[in-house]
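Since every read-out is calculated from the coordinates, none of them should be taken as a lab result. Small disclaimer: the values here were computed from a predicted structure and weren't measured. When we count neighbours, we look across all protein chains shown, and the Cβ atoms used for this are built from the backbone with ideal geometry, even at glycine.
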Amino acid sequence: MNLRILWSALPVAIFYGLSRVADPWVAILGGFIASAGVYWFNRRDTLMGMLTLFGFAVVTVSAAIGIISNSEKAYLASGPAADFLFVPLYAVSIFLKKPLIGAIAREMFPKYAGHIPIGAPVFVALSVFWAAHDIVQGVARVYLLQELSVGEYIIWSRVLNWPFTVMMLWTSMYFVMRAAKRHTPMNGDDTPVSGGWPAAAEPEG
């Protein structure tokens, strides 16, 4: 199992455990401290690191509101809030002709994505795809947060989220790999040039 998954689950586990035995503000504070620790130990000076910091900032605001209002659901609202707040980032990146998924893909699997122009249609389409996913996920989370108890929300929001996220990741990688093949230099007999993938293309702009 990927240790990052275990790390990401730690704040939720601590929050839920404390919520069963302590006041809401104590559970929120415990979950936030755990989130801060996870962010600190996993911080990276990369685009993914910046996006993680953005998500942590949303958690910080939600934690402050939750502690002030003594509301566990206000703290949990950081999930759908982050979903909705990421959508404008996708839109702006597409407008600037540097779709966000292109930059993310170059960090996640540079062997393939690094050979595709940053403004390639595949990255634009995938950015729109992920923005739509975040909108649907955000709406679903808001509904679940309103209708379910804290414990039920924690369980069901993840049961419904993880399969779709895994599917999105695999779908994105498939289309990136397929697009990368079109940017691989070929010999006259339609076989790849000896030596594997070419040097990564420089980002445009």
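Listing for the model above:
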quantity	calculated
Per-pair calculated FRET efficiency, R0 = 35 Å: residue 97 and residue 160 via Cβ, rounded to 0.05	0.55
Size of charge dipole - the chain - debye, nearest 20, with Cβ of Lys, Arg +1 and Asp, Glu -1, no other charges	200
Residue-wise HN-Hα coupling along the range 58-65, computed from phi with Karplus coefficients 6.51, -1.76, 1.60 (Hz; x: Gly, Pro)	5, 4, 4, 5, 5, 5, 4, 5
In the chain, lysine pairs with alpha-carbon atoms under 22 angstrom apart (chain gap of 8 or more, or interchain)	5
Stretchable slack from residue 9 to residue 23, in nm (0.36 nm times residue separation minus alpha-carbon distance)	2.9 nm
Over the chain: helical MRE at 222 nm, DSSP H runs n ≥ 4 each giving -39500 (n - 2.57), nearest 500	-25000 deg cm²/dmol
Coil-residue trypsin sites (Lys or Arg not before Pro) of the range 105-186, DSSP, other Cβ within 10 Å capped at 13	182
